[in-house]
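Encoded as C-alpha coordinates, the structure appears first; notes follow it.
The values are calculated or read from the model by the stated rules, or taken from the named source; none is laboratory data. Because the structure is predicted, anything quoted here is derived from the model rather than measured. Positions of Cβ are generated from backbone atoms using ideal geometry, with glycine treated the same way; all protein chains shown enter the neighbour counts.
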Amino acid sequence: MVDYFFSQYREYPTLDIFLEIVAVVFGLLSVWYAKKDNIWVFPTGLISTSIFVYLLWKWVLWGDMMINGYYFIMSIYGWYHWSRKEGETVAFPISKISRSEKRIAIILFIFTVAFVTLVYYFFDKFTTWYAYVDTFITGIFFVGMWLMAKRKVENWIFWIIGDLISIPLYFAKGYTFTSFQYLVFTVVAIFGYLEWKKISNNAQTELQK
(Lines give C-alpha, C1' and ligand atoms only; values in the text may rest on other atoms or scores of the structure.)
Protein backbone atom coordinates (compact mmCIF):
# COMPACT_ATOMS: atom_id res chain seq x y z
CA MET A 1 0.00 0.00 0.00
CA VAL A 2 2.78 2.44 0.94
CA ASP A 3 4.68 1.55 -2.22
CA TYR A 4 1.54 2.14 -4.32
CA PHE A 5 1.09 5.68 -3.00
CA PHE A 6 4.72 6.81 -2.70
CA SER A 7 6.79 4.81 -5.22
CA GLN A 8 7.11 7.83 -7.56
CA TYR A 9 9.16 9.68 -4.91
CA ARG A 10 12.10 7.31 -5.41
CA GLU A 11 13.15 9.37 -8.43
CA TYR A 12 12.60 12.79 -6.81
CA PRO A 13 15.43 14.89 -5.34
CA THR A 14 15.33 14.88 -1.53
CA LEU A 15 15.08 18.67 -1.50
CA ASP A 16 11.94 18.60 -3.68
CA ILE A 17 10.27 16.05 -1.39
CA PHE A 18 11.13 18.17 1.66
CA LEU A 19 9.83 21.35 -0.01
CA GLU A 20 6.58 19.67 -1.05
CA ILE A 21 5.96 18.51 2.54
CA VAL A 22 6.69 22.00 3.90
CA ALA A 23 4.38 23.57 1.32
CA VAL A 24 1.63 21.09 2.21
CA VAL A 25 1.97 21.79 5.95
CA PHE A 26 1.74 25.56 5.46
CA GLY A 27 -1.10 25.07 2.98
CA LEU A 28 -3.05 23.11 5.58
CA LEU A 29 -2.35 25.80 8.19
CA SER A 30 -3.56 28.45 5.76
CA VAL A 31 -6.88 26.70 5.14
CA TRP A 32 -7.35 26.12 8.87
CA TYR A 33 -6.79 29.82 9.57
CA ALA A 34 -9.22 30.68 6.77
CA LYS A 35 -11.87 28.50 8.41
CA LYS A 36 -11.30 30.40 11.68
CA ASP A 37 -11.48 33.76 9.87
CA ASN A 38 -7.95 34.44 11.10
CA ILE A 39 -5.67 36.80 9.16
CA TRP A 40 -2.81 34.28 9.49
CA VAL A 41 -4.41 32.58 6.49
CA PHE A 42 -2.37 34.94 4.32
CA PRO A 43 1.22 34.75 5.68
CA THR A 44 1.01 30.95 5.88
CA GLY A 45 -0.51 30.91 2.40
CA LEU A 46 2.30 33.06 1.05
CA ILE A 47 4.89 30.54 2.25
CA SER A 48 2.99 27.59 0.79
CA THR A 49 2.26 29.19 -2.59
CA SER A 50 5.80 30.53 -3.08
CA ILE A 51 7.21 27.02 -2.60
CA PHE A 52 4.61 25.48 -4.90
CA VAL A 53 5.34 28.06 -7.63
CA TYR A 54 8.95 26.91 -7.61
CA LEU A 55 8.11 23.19 -7.55
CA LEU A 56 5.40 23.40 -10.21
CA TRP A 57 7.76 25.37 -12.45
CA LYS A 58 10.29 22.53 -12.08
CA TRP A 59 7.59 19.94 -12.78
CA VAL A 60 6.41 21.90 -15.87
CA LEU A 61 2.85 22.12 -14.54
CA TRP A 62 2.19 25.64 -15.72
CA GLY A 63 -1.54 25.76 -15.07
CA ASP A 64 -0.98 24.81 -11.44
CA MET A 65 1.96 27.22 -11.26
CA MET A 66 -0.25 30.08 -12.47
CA ILE A 67 -2.86 29.19 -9.85
CA ASN A 68 -0.29 29.38 -7.05
CA GLY A 69 1.25 32.57 -8.46
CA TYR A 70 -2.22 34.10 -8.44
CA TYR A 71 -2.76 32.84 -4.86
CA PHE A 72 0.46 34.58 -3.86
CA ILE A 73 -0.67 37.92 -5.29
CA MET A 74 -4.22 37.61 -3.90
CA SER A 75 -2.82 36.69 -0.47
CA ILE A 76 -1.07 40.05 -0.36
CA TYR A 77 -4.30 41.79 -1.40
CA GLY A 78 -6.38 39.75 1.06
CA TRP A 79 -3.96 40.47 3.90
CA TYR A 80 -4.42 44.20 3.28
CA HIS A 81 -8.21 43.91 2.76
CA TRP A 82 -8.82 41.87 5.93
CA SER A 83 -6.67 44.15 8.08
CA ARG A 84 -8.60 47.32 7.20
CA LYS A 85 -10.63 48.74 10.08
CA GLU A 86 -13.04 51.58 10.75
CA GLY A 87 -12.07 52.49 14.28
CA GLU A 88 -12.13 49.20 16.18
CA THR A 89 -14.53 47.57 13.71
CA VAL A 90 -13.40 45.38 10.81
CA ALA A 91 -14.19 47.27 7.61
CA PHE A 92 -15.04 44.18 5.58
CA PRO A 93 -16.57 41.40 7.71
CA ILE A 94 -17.75 38.02 6.42
CA SER A 95 -20.72 38.49 4.08
CA LYS A 96 -22.58 36.87 1.20
CA ILE A 97 -21.83 37.59 -2.42
CA SER A 98 -23.71 40.43 -4.10
CA ARG A 99 -25.31 40.38 -7.54
CA SER A 100 -22.54 42.49 -9.07
CA GLU A 101 -19.89 40.23 -7.52
CA LYS A 102 -21.62 37.20 -9.06
CA ARG A 103 -21.24 38.81 -12.48
CA ILE A 104 -17.57 39.54 -11.82
CA ALA A 105 -17.04 35.94 -10.65
CA ILE A 106 -18.54 34.58 -13.89
CA ILE A 107 -16.38 36.91 -16.00
CA LEU A 108 -13.27 35.99 -14.00
CA PHE A 109 -13.97 32.27 -14.46
CA ILE A 110 -14.51 32.56 -18.23
CA PHE A 111 -11.47 34.81 -18.72
CA THR A 112 -9.23 32.52 -16.64
CA VAL A 113 -10.26 29.33 -18.46
CA ALA A 114 -9.82 31.04 -21.85
CA PHE A 115 -6.38 32.40 -20.90
CA VAL A 116 -5.08 29.07 -19.55
CA THR A 117 -6.44 27.27 -22.62
CA LEU A 118 -4.51 29.65 -24.91
CA VAL A 119 -1.32 29.16 -22.87
CA TYR A 120 -1.68 25.37 -23.03
CA TYR A 121 -2.31 25.45 -26.80
CA PHE A 122 0.62 27.80 -27.39
CA PHE A 123 3.03 25.53 -25.49
CA ASP A 124 1.39 22.34 -26.82
CA LYS A 125 0.51 21.08 -23.33
CA PHE A 126 -2.77 19.34 -24.17
CA THR A 127 -1.04 15.96 -24.23
CA THR A 128 -2.80 14.35 -21.23
CA TRP A 129 -6.39 14.17 -20.01
CA TYR A 130 -5.62 16.13 -16.88
CA ALA A 131 -4.35 19.09 -18.91
CA TYR A 132 -7.97 19.68 -19.94
CA VAL A 133 -9.11 19.39 -16.32
CA ASP A 134 -6.43 21.93 -15.35
CA THR A 135 -8.04 24.64 -17.47
CA PHE A 136 -11.39 24.18 -15.71
CA ILE A 137 -10.01 23.85 -12.20
CA THR A 138 -7.82 26.94 -12.63
CA GLY A 139 -10.96 28.99 -13.23
CA ILE A 140 -12.64 27.48 -10.17
CA PHE A 141 -9.70 28.28 -7.89
CA PHE A 142 -9.21 31.79 -9.28
CA VAL A 143 -12.80 32.68 -8.38
CA GLY A 144 -12.53 30.96 -4.99
CA MET A 145 -9.40 32.89 -4.03
CA TRP A 146 -10.89 36.21 -5.17
CA LEU A 147 -14.01 35.61 -3.08
CA MET A 148 -11.97 34.58 -0.05
CA ALA A 149 -9.86 37.74 -0.28
CA LYS A 150 -13.15 39.67 -0.28
CA ARG A 151 -14.39 37.62 2.71
CA LYS A 152 -17.40 36.13 0.92
CA VAL A 153 -19.10 33.00 2.30
CA GLU A 154 -19.43 31.47 -1.16
CA ASN A 155 -15.65 31.18 -1.58
CA TRP A 156 -15.87 27.85 0.24
CA ILE A 157 -18.20 26.38 -2.40
CA PHE A 158 -15.56 26.95 -5.06
CA TRP A 159 -12.81 25.52 -2.83
CA ILE A 160 -14.89 22.38 -2.15
CA ILE A 161 -15.51 21.77 -5.86
CA GLY A 162 -11.89 22.44 -6.80
CA ASP A 163 -10.47 20.39 -3.93
CA LEU A 164 -12.64 17.35 -4.76
CA ILE A 165 -11.39 17.40 -8.35
CA SER A 166 -7.78 17.95 -7.24
CA ILE A 167 -7.61 14.82 -5.05
CA PRO A 168 -7.53 12.30 -7.93
CA LEU A 169 -5.92 14.84 -10.27
CA TYR A 170 -2.73 15.28 -8.24
CA PHE A 171 -2.55 11.57 -7.49
CA ALA A 172 -2.71 10.87 -11.23
CA LYS A 173 0.10 13.39 -11.73
CA GLY A 174 2.22 11.51 -9.17
CA TYR A 175 2.15 14.00 -6.28
CA THR A 176 0.70 11.95 -3.43
CA PHE A 177 1.46 14.38 -0.60
CA THR A 178 -0.32 17.16 -2.47
CA SER A 179 -3.25 14.84 -3.21
CA PHE A 180 -3.62 14.09 0.52
CA GLN A 181 -3.43 17.82 1.19
CA TYR A 182 -6.49 18.40 -1.01
CA LEU A 183 -8.36 15.61 0.79
CA VAL A 184 -7.86 17.49 4.06
CA PHE A 185 -8.66 20.77 2.29
CA THR A 186 -12.05 19.36 1.27
CA VAL A 187 -13.00 18.43 4.82
CA VAL A 188 -11.85 21.78 6.24
CA ALA A 189 -13.61 23.67 3.42
CA ILE A 190 -16.93 22.00 4.25
CA PHE A 191 -16.64 23.03 7.90
CA GLY A 192 -15.37 26.46 6.82
CA TYR A 193 -18.47 27.02 4.70
CA LEU A 194 -20.78 26.02 7.56
CA GLU A 195 -18.89 28.24 10.03
CA TRP A 196 -18.77 31.32 7.76
CA LYS A 197 -22.43 30.87 6.79
CA LYS A 198 -23.38 30.82 10.48
CA ILE A 199 -21.34 33.97 11.17
CA SER A 200 -22.95 35.75 8.20
CA ASN A 201 -26.47 34.71 9.24
CA ASN A 202 -25.86 35.86 12.82
CA ALA A 203 -24.60 39.22 11.55
CA GLN A 204 -27.72 39.63 9.42
CA THR A 205 -29.92 38.79 12.41
CA GLU A 206 -28.16 41.41 14.52
CA LEU A 207 -28.68 44.08 11.85
CA GLN A 208 -32.39 43.30 11.69
CA LYS A 209 -32.90 43.80 15.44
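For region 93-103, state whether one or more residues are assigned to a helix (DSSP H, G or I), in contact (Cβ under 8 Å) with a residue 24 or more places away in the chain and either among the basic types (Lys, Arg) or buried (at least 22 other Cβ atoms within 10 Å of the Cβ) (or both). No, there is no match, as no residue in region 93-103 is assigned to a helix (DSSP H, G or I), in contact (Cβ under 8 Å) with a residue 24 or more places away in the chain and either among the basic types (Lys, Arg) or buried (at least 22 other Cβ atoms within 10 Å of the Cβ) (or both). Residues of region 36-59 that are part of a helix (DSSP H, G or I) and basic (Lys, Arg): 58 alone. Residues that are more than 21 Å from residue 156 (Cα to Cα) and among the hydroxyl-bearing types (Ser, Thr, Tyr) were ranked within region 38-81; the one that is modelled with the highest pLDDT is 50. Across region 110-128, the qualifying residues are those that are touching a residue at least 40 places away in the same chain (Cβ under 8 Å) and part of a helix (DSSP H, G or I), and the one among them that is nearest to the chain's Cα centre (by Cα) is 116.
Condition (residue is surrounded by fewer than 14 Cβ atoms within 10 Å (Cβ to Cβ), polar (S, T, N, Q) and assigned to a helix (DSSP H, G or I)) applied to region 12-35: is it met by at least one residue? Among the residues of region 12-35, at least one is surrounded by fewer than 14 Cβ atoms within 10 Å (Cβ to Cβ), polar (S, T, N, Q) and assigned to a helix (DSSP H, G or I), which makes the answer yes.
Taking first residues from region 144-157 that are of a type in the set (Lys, Arg) and partners that are buried (at least 22 other Cβ atoms within 10 Å of the Cβ) and modelled with pLDDT of 95 or more, no Cβ contact under 6 Å between residues at least 6 apart in sequence or on separate chains turns up. For region 121-146, taking the residues that are farther than 24 Å from residue 51 by Cβ and among the hydrophobic types (A, V, I, L, M, F, W, C), the one that is surrounded by the most Cβ atoms within 10 Å (Cβ to Cβ) is identified as 136. When you scan region 64-71, do you find a residue that is outside any loop (DSSP other than H, G, I, E, B), farther than 17 Å from residue 137 by Cα and without any contact (Cβ under 8 Å) to a residue 24 or more places away in the chain, even just one? The answer is no, given that none of the residues of region 64-71 is outside any loop (DSSP other than H, G, I, E, B), farther than 17 Å from residue 137 by Cα and without any contact (Cβ under 8 Å) to a residue 24 or more places away in the chain. Restricting attention to region 147-190 and to residues that are small (Gly, Ala, Ser) and crowded, with 23+ Cβ neighbours inside 10 Å, the residue that is nearest to residue 92 (Cα to Cα) turns out to be 149. With the requirement that a residue be loosely packed, with under 15 Cβ neighbours inside 10 Å and either touching a residue at least 40 places away in the same chain (Cβ under 8 Å) or over 21 Å from residue 195 (Cβ atoms) (or both), what does region 77-90 give you? Across region 77-90, the qualifying residues are 77, 80, 83, 84, 85, 86, 87, 88.
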